[in-house]
Amino acid sequence: MRINKSKWYNDAVSPVLFMIDDLANTWVDTNNDGKVDWGEDWGYFRNEERSSFRYLQEQLLARFPAVKVTFFVPVGVRVGMTNRPLFKQISLPINADEASKDFFQSIHHHPNFEIAYHGTNHGKVGTHAVDFIQEWELFHSVSEALERIEEGITIYEDAIGERPQGGKYCGYMSNAYSDESINQAGFTWWCRYWNRGSEQGDPIAGQDKNPLTNYDVKRFATRGVIDIPSTLDGGLLRGVYHADLSVKGITKRLLRKPLVRWKLREIDFLLEHNLVISIQEHIAPSRDDGQRQSPNIFDDCSSLVGIFHYLEDKKVWYCTGTELANYVNLRDHVQVVPLEEDQFMLEHDSKYAGHEITLKFEESTDYDRILLPNLKTIAVVNGVVNVPVLPGKYTILKGGI
């Protein structure tokens, strides 16, 4: 009898994470009229009419209720893009008042969402947008980075009620002190790179040029912080669905189906190799310098609908960053120990007790049930079963027993 731990929960082909940057207590009034319009809000208007969160819920998530979202939140006063802004920006910490705290906390406590850490103010502005310095590039020592992180976590805790489990480098930019600051701050997981950058000539991608490892989870630093890759632009299909009336645009419209199929090869590759599908977006397109932030959920709504529709009949696991990291830690630290025939134990540290791990029986699919150490039974379906990690013996039962 051979029992394997499944790479992903429920023996999914790939995990799917929907990651949205810069949900914040911020509003950019792009027409300076003092009223919120679609695409201006970053979270300042919470779930009100014409808020970005309302748009996300109504235009996308209502159609795909299984999708889970990890929101990356700058917890303090989110700076603009330049010190010479064209438009007025209002920004406050996420704990500025009870209404704001209630909004962000309600998102984090929703079973399909989580609030992840995305710095305090996101960075430092300059005269032009190209002069912007991302937050983790600013620190000159690990201690300086840790001091700022703790300031941010204090705000996060006041608003959310607990410490953040994971986060992302602002702009995917870091320096020699950054990884160790994440390690010492106690994060379970982190997003370090735009992992597809190596294919697109983008230096942010880091040094790993092998897609079979670059698009998979890794670990870094002494605590083995889980590095979750960023593998898919939410605007993957944008150019096909938003073709203009030029000759090139008309050609795209005529060839829409084969072009979509060609674009979807990126997802096919990840599925074929059991790699992470983490879809990257921003909550809004608005910027105070007049430029349009990309990718964003407004410009990419049709693309995202196409992506999630394509995944509907695939055996994927929709999860948050923390859920993915928790399963990977469970998978890596729980060992299957065979005993006598049709029995085994799960060797584990007590902190993993009660969590569910997916087991797969490679040599036979006629196993019917698992008798747990607590004498409850769980059905085995097509050789796969999700079992709680418990002390004691597990017994495999076959049909008719």
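The values are calculated or read from the model by the stated rules, or taken from the named source; none is laboratory data. This structure is a prediction, so every number in the text was calculated from the model and none was measured. Because the Cβ atoms are built from the backbone with ideal geometry, glycine has one as well, and the counts that use them run over all protein chains shown.
For this structure, a couple of remarks:
- Checked against (1) out of contact with any Gly (no Cβ under 9 Å at 6 or more places or on another chain); (2) assigned to a loop (DSSP other than H, G, I, E, B), Ile297 meets all criteria but (1).
- Extreme residue, surrounded by the most Cβ atoms within 10 Å (Cβ to Cβ), among residues of segment 12-38 that are touching a Leu at 6+ places or on another chain (Cβ under 9 Å) and more than 21 Å from Gly80 (Cβ to Cβ): Phe18
- Counting the residues of segment 154-179 that are under 16 Å from Val77 (Cβ atoms) and out of contact with any His (no Cβ under 6 Å at 6 or more places or on another chain) gives 5.
- Residue within segment 359-366 that is part of a loop (DSSP other than H, G, I, E, B), modelled with pLDDT under 95, over 30 Å from Ser230 (Cα atoms) and polar (S, T, N, Q) present: yes
- Residue match in segment 87-102 (condition: aromatic (Phe, Trp, Tyr) and buried (at least 18 other Cβ atoms within 10 Å of the Cβ)): no
- Segment 39-65, subset aromatic (Phe, Trp, Tyr), out of contact with any Leu (no Cβ under 8 Å at 6 or more places or on another chain) and assigned to a loop (DSSP other than H, G, I, E, B), residue surrounded by the fewest Cβ atoms within 10 Å (Cβ to Cβ): Phe64
- Test: residue in segment 144-163 that is crowded, with 17+ Cβ neighbours inside 10 Å and in a loop (DSSP other than H, G, I, E, B): no
- Options Glu281, Glu323, Glu312: the member that is among the acidic types (Asp, Glu) and buried (at least 20 other Cβ atoms within 10 Å of the Cβ): Glu281
- In the set (1) modelled with pLDDT of 95 or more; (2) over 20 Å from Cys191 (Cα atoms), the condition left unmet by Thr120 is number (2).
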